Every structure is written in C-alpha cells, then in structure tokens.
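Report on one structure; see the data block that follows.
The values are calculated or read from the model by the stated rules, or taken from the named source; none is laboratory data. On a predicted model such as this, the values are computed, not experimentally measured, just so you know. Cβ: placed from backbone, ideal geometry, glycine included. Neighbour counts: every protein chain shown.
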Amino acid sequence: MSNAPTKFLLSGLALLLTLVACQKDTVVDKQVKDQTVETANTAMATSTPEAETERLNAWFNERYEESLQFSPATLTVLGRKDKYDQFDQIGEEASRKQLEWQLNTVKELRANFDYDSLSVAGKESYDLWVFQTEQAKAGMEFMYHGYLFGELGGPEDRFPGFLINFHKVDTESDMQAYNKRISELARAMNQITDMGKISAKKGIRPPQFAFDTAIARASNVITGMPFNGEKDSPLLADAKKKINGLLEAGTIDKAQSTALLDSATQALSKDFQPAYQAYIDWMKAEKPNADEVPQGVSELPSGEDFYNHQLAIYTTLPMTADDVHKLGISEVARIKGEMEAIKDQLKFDGDLIEFFEFVRTDPQFYYPNTDEGREEYLSTTRAFLAEIDKELPKYFGRLPKAGLEVKRVEAFREVDGGAQHYMSGTPDGSRKGVYYVHMSDMSAYSKTDMETVAYHEASPGHHMQISIAQELSGVPIFRTQARFSVYSEGWALYSENLAKEMGQFKDPYMDFGRLTAEMWRAIRLVVDTGLHAKGWSQEQAVQYFFDNSAIPEGAVRSEVRRYITLPGQATSYKIGMLKIQELRAKAKATLGDKFDIRAYHDVVLGAGALPMPLLESRVNTWVAEQKK
C-alpha cells in the first residue's frame, strides 16, 4: 500500500494510485489563507512550540480535508458519505493536478511555519508531510511503469469489491448513489483501459499469465444476470441484498424497491458491461504482445531506474538491489539454523530438504478441500486470535477498540493460493476490520502456517497496528491514515516473532511454520531482487523457494507471480521487521532496567505509520527522554 488510503483499489497502478484525483480544479491560491510570511513569522516569534504545533495541526487538518476531496472512494472507505455517488478520476491529467496541489502545500508549509519553532511531535508531522510529497514527485516519472493488474488483483476485482464491501446502504438516497456509482466505475474502467493502452505503446506490459488471471476475474464480474445466464452476477446480487435490506427495514416500499432495482440493472447493462467488455477485449488483443516467459522489470524501458525507485518507495531506506539481495542470503542462512533445531527436536530422520518435503506434502498438514475443512480452518484461526488477545495487555499499553472479523474472500475475486490479507475498518468502528482468507484451494495452505498468518494479519499485526493508528488523537488526521509498506508489513512480521515471545506456537510444527513464514520473507529479499535486478527466471525463483522452505507449491508459484507483477513490495516485510528489532535492541541496551516493552511498542505504534528514518528518530527521542 502506498501513502494514499485508496491504494487498495488498484495495487498494480503504483504511482497512479497514489495520485488518483477528481476533476475538481484545485487552485492553491484559493485554498491558502491571506497570510504573508512576515505575519506568520511574527506570530511564531511570540508562540510556544506547543501552540505553534497546534496551529500546524489545524493547518494539516485543513489540507488533509482538501486532499480527501480528490478521492470520493477514500471518503467512503473512511465511513463518510460525502460525494457518495462519485468515484475517483484516473489518468495522467488528474494525477498531475493532485501532485501540483501537493507540491504547493509544501511551499505553503515552509512559508508559514518555522520548523525550529515546533515541538518534537510537530516536526515529525512536518517531516512526514514533506516525505510523502517527495515520494509522489519522484514517482511521477514512472506513472506508466506500474502494471495495471497482477497476482494480487487489479481494478477488475477491486472496483466491484469496493461497492460490495464499502458502500453502505442505509437510505434510499444511499442506494441511488450506489446505482450512480455503478456508472462511475464504468467510466473509471474506461480510463483504466486507456492507461493500459498508453503503457503498452511504451513497451510496458505485464506477462501473459497476468492477462489470463485478469481476464478471468473481469469475466467473473460480468457473468450472470443482467449480463447473461440465470444466476445473479456479484454486483446485481449485492444490489438486491441492499435493496431488500431497505425494504425489510421499512425504509422504502415495494414501488421504490422496484425502481431502485431497475436503475441498478440499467446501470449494469448500459454502462458497466460495455466498459468491462472493452477492458476484456483490449486485454485479449494485447496479450499476444506480452512476454510468455516472464522477465523482470529491468528489461522494461528505464527498467533499472524503475526498480530502484520501487525499492526506495517500499523500504524508505537508501538500499541498493545488491544490499537487499545480500541481506536476504544472510537471513536465509540464519533462519535455516533455527529450522534445523526444530527438525532435530521432532527427531525427524532426514536432512532439512527432506523435512521441507515432508511438511509440504504430508496430508496431515492440510485441511480437506471441503466446506467442513474450510470452516475448521476459520474456527481454529478465530481460536488462536481469542487466545492471544488475553496476552496483549502484558505487551501493550495501548490497545485497539475496533472489532475484527475472519471470513472467506468473496468467490468472484478468490484466487487459488492467493495471499491472505487484511482490510481495515472505519475510524469510528462502524465497520469492523476483516481478515480475509482465500479458500478455493485448501491444498495451498498448510496447517503449520495458519497460526502465524493469523497473528500477522490480525493481532498483534495489521488489525492492531492500523486500528490503533486510525484511533489516534492529538495528531493531525492525515497521520492516522498514512501508509508505508515497510512499516505496516515490517510490524506485522515483527508481530509473528513477538507472538512467540508471548507464549504462542506451543506445537513445534506451528513454530516451524513461524520460521517458515520468516524464511518466506527472507527469501523474498533474494527472489525479488533476483528477478528484477539479476536476471533470474521464474523457475529459478520457484526452485529457490523449494530449496529453502516447506511452503506448498501452489503458494510458491502464486508468490513468485506476485513478485513479478508488483516489483519491490515484497522486500518491505523483512527490512521493516529487522529495523523494528534493531531499534528495540538498541533501546534495551541503552536503557537497561529502564526499558519497558509496553512503552516501546506504544512508541512504535503511537504515531501512525512512518518511513524508517522517521521511526528511528522517534525511538531515539524516546530513549533520550527515558535516560533523563
């Protein structure tokens, strides 16, 4: 995920999704208060750091509200109903408008606030705002490099998923807005297709397997009524469900219900289907021009520069591909040693490679591919989370208020071997966070991994971190919604190891699964850089997984396809984890008996997501305060 809250919509669009904007022509001169630098400096000279920071926070909140107006989708994700019948504009013109706005806010920030007059917290917010803008500016050069779709999805499944999961219907007008948004999504899909055509002309296309997956997903969305067949399509089924909810609640009568359903059906037939069909037709026509044998992005025009940019975005650190690759090899060797110890503890008769094969293939480590097997997976996961919830107060002073659901991914966007994932709730708690599980192919998910994934995606991982961030008070609102993959994924991976400290992973096979998950993330450092900077083939990457882990083959192949279509993102997990562990070790060594694990975690989680340099500065400041 990028810094923009709407990144979840189109993870393959990279910079474009960081900069999605609406048609509103934002002119900074209209937004900026009539305040000269001289007046601002006079005010700062007579103000305390706390008062000046309070003024800065008010300014940030005004700017953040302006930024939200660029994205009706983000407003909806946050639980608001502003611009409820609209959707984001997508394309270069819209992106450049928002970037211009961002750059001008930084000019305004520097003109109206003296950095040295702010409190420590104020300086942190100032630095974060500038950092986010600099990332957006650097990415503009690579607007057309990010693949439109890939293993983790694309607009074809995220657009309908947005309506189904985020557009809440409480009133007749909400449903009218829903129907208008069906047409808005059609407009956005046409813009996506136009972007794809421009990228293709520049010689930038995902490999053929990504086309196949995206075509299948898009076809699933427009399969069923009112498009064809007898069963309802996903969106028509959702529209009926929401209309029936209004009818049952007595909010609308039968005539209104019929009118709303007719409107939804027309929007799907006249606008949505043609846009999706055009997208599918374009993909089918373009697929033969794509690589049948996938190659790394270094083979693209300006590909090496693009990959270096991706590493900078996803690590927020000045690491080269060689740095990341060597770090991965080192971590793979270290974790192998810990795996050997568990293998010996279990008295397995064979070497580690043979143990990998045993864990990867033995039926005892898999649930049956049946509804009963899927339900057992879900219920066991819920039990793990209920157990660790009891231990959280011993390690955290700050706990989330938001609720959590564990459920299966919707059928229309489910992928065999797809990565389990988390989707955040609303800041006010009206929508719970959701830990989503792909379950179409249960042979892709080992029982030995499931405990680890639960802690990563839920508590003390993503659900806890993101919920705490959204519930923060006393900081500018934009900080509650900041997203940095190296921070959020680094924290979630750190949480897996923390859960071990908290007394979990009582079964040695589950503990081996924990190490397998950590090994997975170490392998990512090697494989992602191998694919995109060192000329590795897809099969070379797959074999490296087999040689160093017990991960099921289906998951391995899905993972490698993921790295191919989303370069750099997979490196963020291990690098973030190692940085959080490093900062903890340094703090503990410096503070000795004064070190408090609960306080450390509250410092790390207490300001929202941060790039690694700002997180390090924050922890160092806390350590210095504790030493006094």
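Which pairs do you get when a residue that is closer than 19 Å to Arg63 by Cβ, found in the range 108-122, comes within reach of a residue that is outside any helix (DSSP H, G or I) and at pLDDT below 95, reach meaning Cβ atoms under 6 angstrom, with the pair 6+ apart or on two chains?
Glu108/Val32
Residue-wise test of (1) touching a Ser or Thr at 6+ places or on another chain (Cβ under 9 Å); (2) surrounded by fewer than 22 Cβ atoms within 10 Å (Cβ to Cβ); (3) closer than 15 Å to Val603 by Cα; (4) in contact (Cβ under 8 Å) with a residue 40 or more places away in the chain.
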residue: His463; (1), (2), (3), (4): yes, no, no, yes
residue: Ala469; (1), (2), (3), (4): yes, no, yes, yes
residue: Pro476; (1), (2), (3), (4): yes, no, no, yes
residue: Gln481; (1), (2), (3), (4): yes, no, no, yes
residue: Phe484; (1), (2), (3), (4): yes, no, no, yes
residue: Glu489; (1), (2), (3), (4): yes, no, no, yes
residue: Asn497; (1), (2), (3), (4): no, yes, no, yes
residue: Met502; (1), (2), (3), (4): no, yes, no, yes
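Exactly one of (1) surrounded by 19 or more Cβ atoms within 10 Å (Cβ to Cβ); (2) of a type outside the set (S, T, N, Q); (3) more than 28 Å from Pro155 (Cα to Cα) is unmet by Glu375. Its number?
All conditions pass for Glu375, except number (1).
Looking at Thr516, is it over 19 Å from the mean Cα position of the chain (by Cα) and among the β-branched types (Val, Ile, Thr)? If you could, list the steps in order and put the result at the bottom.
Details: over 19 Å from the mean Cα position of the chain (by Cα): yes; among the β-branched types (Val, Ile, Thr): yes.
So Thr516 fits the description; yes.
Given the criterion within 26 Å of the chain's Cα centre (by Cα), modelled with pLDDT of 95 or more and either part of a loop (DSSP other than H, G, I, E, B) or within 19 Å of Pro613 (Cβ to Cβ) (or both), identify the matching residue among Gln98, Gln86. Quick ask: steps written out before the conclusion?
Working: Gln98 fails: either part of a loop (DSSP other than H, G, I, E, B) or within 19 Å of Pro613 (Cβ to Cβ) (or both).
Being within 26 Å of the chain's Cα centre (by Cα), modelled with pLDDT of 95 or more and either part of a loop (DSSP other than H, G, I, E, B) or within 19 Å of Pro613 (Cβ to Cβ) (or both) holds for just one of Gln98, Gln86, which is Gln86.
Going residue by residue through the range 597-607, is there one that turns out to be in a helix (DSSP H, G or I) and within 28 Å of Thr361 (Cα to Cα)?
Pass one, the range 597-607, residues in a helix (DSSP H, G or I): 597-605.
When the remaining residues are screened for being within 28 Å of Thr361 (Cα to Cα), the result is none.
No, there is no match, as no residue in the range 597-607 is in a helix (DSSP H, G or I) and within 28 Å of Thr361 (Cα to Cα).
Sort out which residues of the range 525-555 are outside any helix (DSSP H, G or I) and not small (Gly, Ala, Ser), and write them in order of number.
Looking only at the range 525-555, we keep the residues that are outside any helix (DSSP H, G or I), and these are 534-537, 549-552.
Of everything in the range 525-555, those that are outside any helix (DSSP H, G or I) and not small (Gly, Ala, Ser) turn out to be Lys534, Trp536, Ile551, Pro552.
Give the residues of the range 48-80 that are outside any helix (DSSP H, G or I) and either among the hydroxyl-bearing types (Ser, Thr, Tyr) or touching a residue at least 40 places away in the same chain (Cβ under 8 Å) (or both), sorted by residue number.
Initially, the range 48-80 is screened for residues outside any helix (DSSP H, G or I), giving 48, 69-71, 78-80.
If the condition is that a residue be outside any helix (DSSP H, G or I) and either among the hydroxyl-bearing types (Ser, Thr, Tyr) or touching a residue at least 40 places away in the same chain (Cβ under 8 Å) (or both), then Thr48, Gln69, Phe70, Ser71, Leu78, Gly79 are the ones that fit.
Exactly one of these conditions fails for Ala587: (1) crowded, with 21+ Cβ neighbours inside 10 Å; (2) farther than 30 Å from Pro476 by Cβ. Give me its number.
Of (1) crowded, with 21+ Cβ neighbours inside 10 Å; (2) farther than 30 Å from Pro476 by Cβ, only one is false for Ala587: (2).
Just give me the residues in the range 397-423 being under 30 Å from Asp596 (Cβ atoms) and not in a strand (DSSP E or B), in sequence order. It would help to see each step written out before you state the result.
Keep residues of the range 397-423 that are under 30 Å from Asp596 (Cβ atoms), which gives 397-404, 422.
If the condition is that a residue be under 30 Å from Asp596 (Cβ atoms) and not in a strand (DSSP E or B), then Gly397, Arg398, Leu399, Pro400, Lys401, Ala402, Gly403 are the ones that fit.
Only one of these is more than 20 Å from Met423 (Cα to Cα) and either under 27 Å from the mean Cα position of the chain (by Cα) or not assigned by TED's automatic domain parsing to the domain that holds Gly461 (or both): Tyr377, Tyr367, Tyr395. Name it. Quick ask: steps written out before the conclusion?
Working: Tyr377 fails: more than 20 Å from Met423 (Cα to Cα); Tyr367 fails: either under 27 Å from the mean Cα position of the chain (by Cα) or not assigned by TED's automatic domain parsing to the domain that holds Gly461 (or both).
Matching residue, one of Tyr377, Tyr367, Tyr395: Tyr395.
State the number of residues belonging to the range 140-187 that are under 14 Å from Phe412 (Cα atoms) and either among the β-branched types (Val, Ile, Thr) or part of a helix (DSSP H, G or I) (or both). First the steps, then the outcome.
Filtering the range 140-187 down to residues under 14 Å from Phe412 (Cα atoms) leaves 152-165.
Then keep just the ones that are either among the β-branched types (Val, Ile, Thr) or part of a helix (DSSP H, G or I) (or both); that gives 155-165.
Residues that pass the stated criteria total 11.
Among the residues of the range 335-348, is any on the phi < 0 side of the Ramachandran plot, surrounded by 13 or more Cβ atoms within 10 Å (Cβ to Cβ) and of a type in the set (S, T, N, Q)?
no
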